[in-house]
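As structure tokens, the structure follows; a few thoughts come after it.
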Amino acid sequence: MEREADVFYRELPKVELHAHLNGSVSFQTTEKLISRKPHLSIRRGMTAISRGQRRSLDECFQVFKVIHQLVDTEEDILMVATDVIREFAADGVKYLELRSTPREELKSGLTKRKYVETVLKAIQQCKEDGVDIDVRFLLAVDRRNGAEVAMETVKMAEDFKLSSDGLVVGLDLSGDPMVGHVKALLPALQRAKNCGLKLSLHIAEVPSKLDEAELLLNLNPDRIGHGTFLHPEAGGSQDHVYKVVKNKIPLEMCLTSNVKGQTVSCYDKHHFNYWHQLGHPIVICTDDKGVFCTDLSQEYQVAASTFGLSHEATWKLSQQAIDYIFAPELLKQELKEKWKNLQPQVFR
């Protein structure tokens, strides 16, 4: 952790809806992974972007490749997922949606199905251990892997939606935005939507892919990841804004990730402000808390200090995020009750 967030932001109950599992691996967990695999000669600095550092988007994706080398067995995945869940809980996150691309590793015998089962096992173990957090899982379609793998992932998500007792709730579209085109993936995404899976899609993460925004917005996704270049001030169009606002599609905002990945020049210029001024649904998220050396408390404090949000306005942002989760209405009501009970303590 690079700087300690104020007590208010630590105690603030929070919802995290945009957290990539492997990008959320903390320094402490990375050290354990490195000690298991000294033959890889991986150092901590290769898996995180520290304070004051910035990387191109391509360099950020190189960091994820290093992390994947460290996480290639069922045992690794179980430890990573368990640690990540416990760390989010320790940061005051009461509801978490993790996302990850099912991976196979021929050397260790890891299959894509076993990958997902192991993440779900970690979620169940944390629940049985009484960790104060509700966790759900989104299977991720990595756009680099093409249409066939995308459809395979959707079919797997369908299966787990039925067999995971409500833990698998949706599908994420992510991966290097500079690679491939989403046109080939549309049939898979449409199938996911048709079978009741919720869609969280990375849209307009880079300016060169704005033609994709139209195609993805036509799917009417349930949430948008980043949406950095959707609005006219960033090169997008008023038509994009109209569709997002008309359909009330919440945006997942990851401030530090965007600044360190250089898709946004500085916090002051972050598109959070554009959408917040419109009164549009926003959820503050971390994206990759391990890679970008942050946590959700820090992200809330950054947003509040940058854009002059009062504690009351910050609380409202956190509370409203409950409405945008992919879990059933009953859990939303339970979380709202939890927020109501915690409010006097947070504002004491």
Picked from segment 176-201 (must be touching a strand residue (DSSP E or B) at 6+ places or on another chain (Cβ under 8 Å) and open to solvent by 20 Å² or more (accessible area, probe 1.4 Å)), the residue nearest to residue 165 (Cα to Cα) is 198
Just name the residue that is modelled with the highest pLDDT out of those in segment 94-111 that are out of contact with any Leu (no Cβ under 8 Å at 6 or more places or on another chain) and open to solvent by 30 Å² or more (accessible area, probe 1.4 Å). 111
Any chance segment 141-161 includes a residue that's under 17 Å from residue 99 (Cα atoms) and not in a helix (DSSP H, G or I)? yes
Of the residues 17, 21, which single one is closer than 24 Å to residue 267 by Cβ, modelled with pLDDT of 75 or more and open to solvent by less than 30 Å² (accessible area, probe 1.4 Å)? 17
It is to be established whether one or more residues within segment 38-54 are among the β-branched types (Val, Ile, Thr), modelled with pLDDT under 90 and within 19 Å of the chain's Cα centre (by Cα). yes
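Can you say whether residue 122 is without any contact (Cβ under 8 Å) to a residue 60 or more places away in the chain and either farther than 20 Å from residue 71 by Cα or touching a Cys at 6+ places or on another chain (Cβ under 9 Å) (or both), as far as the supplied structure shows? Please lay out each step first, then the result.
Details: without any contact (Cβ under 8 Å) to a residue 60 or more places away in the chain: yes; either farther than 20 Å from residue 71 by Cα or touching a Cys at 6+ places or on another chain (Cβ under 9 Å) (or both): no.
No; evaluated as a whole, the condition is false for this residue.
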Quick check, is residue 215 surrounded by fewer than 20 Cβ atoms within 10 Å (Cβ to Cβ), of a type in the set (A, V, I, L, M) and part of a loop (DSSP other than H, G, I, E, B)? no
Residue pairs qualifying under the 8 Å Cβ cut-off, at least six apart or on distinct chains, with the first in segment 163-181 being more than 16 Å from residue 21 (Cβ to Cβ) and of a type outside the set (S, T, N, Q) and the second being open to solvent by 10 Å² or more (accessible area, probe 1.4 Å) and part of a strand (DSSP E or B), are 166/136; 177/202
Residue check, residue 303 in a loop (DSSP other than H, G, I, E, B), touching a Phe, Trp or Tyr at 6+ places or on another chain (Cβ under 9 Å) and of a type in the set (A, V, I, L, M): no
Quick one: count up the residues across segment 244-263 that are free of Cβ contacts under 8 Å to residues at least 40 places away in the same chain, of a type outside the set (A, V, I, L, M, F, W, C) and part of a loop (DSSP other than H, G, I, E, B). 2
Identify, from the list 335, 331, the residue that is out of contact with any Phe, Trp or Tyr (no Cβ under 7 Å at 6 or more places or on another chain), assigned to a helix (DSSP H, G or I) and open to solvent by less than 60 Å² (accessible area, probe 1.4 Å). 331
Residue in segment 183-201 that is touching a Cys at 6+ places or on another chain (Cβ under 7 Å) and not in a helix (DSSP H, G or I) present: no
Is segment 124-132 home to any residue that is closer than 17 Å to residue 201 by Cα and either open to solvent by 30 Å² or more (accessible area, probe 1.4 Å) or not small (Gly, Ala, Ser) (or both)? no
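The values are calculated or read from the model by the stated rules, or taken from the named source; none is laboratory data. Every value quoted in this text rests on a predicted model; they were computed, and no experiment measured them. We place every Cβ from the backbone using ideal geometry, glycine too, and count neighbours over all the protein chains shown. In case anyone asks, the SASA skips ligands and DNA or RNA and just uses the protein heavy atoms, side chains included. Shrake-Rupley method; radii C 1.70, N 1.55, O 1.52, S 1.80 Å.
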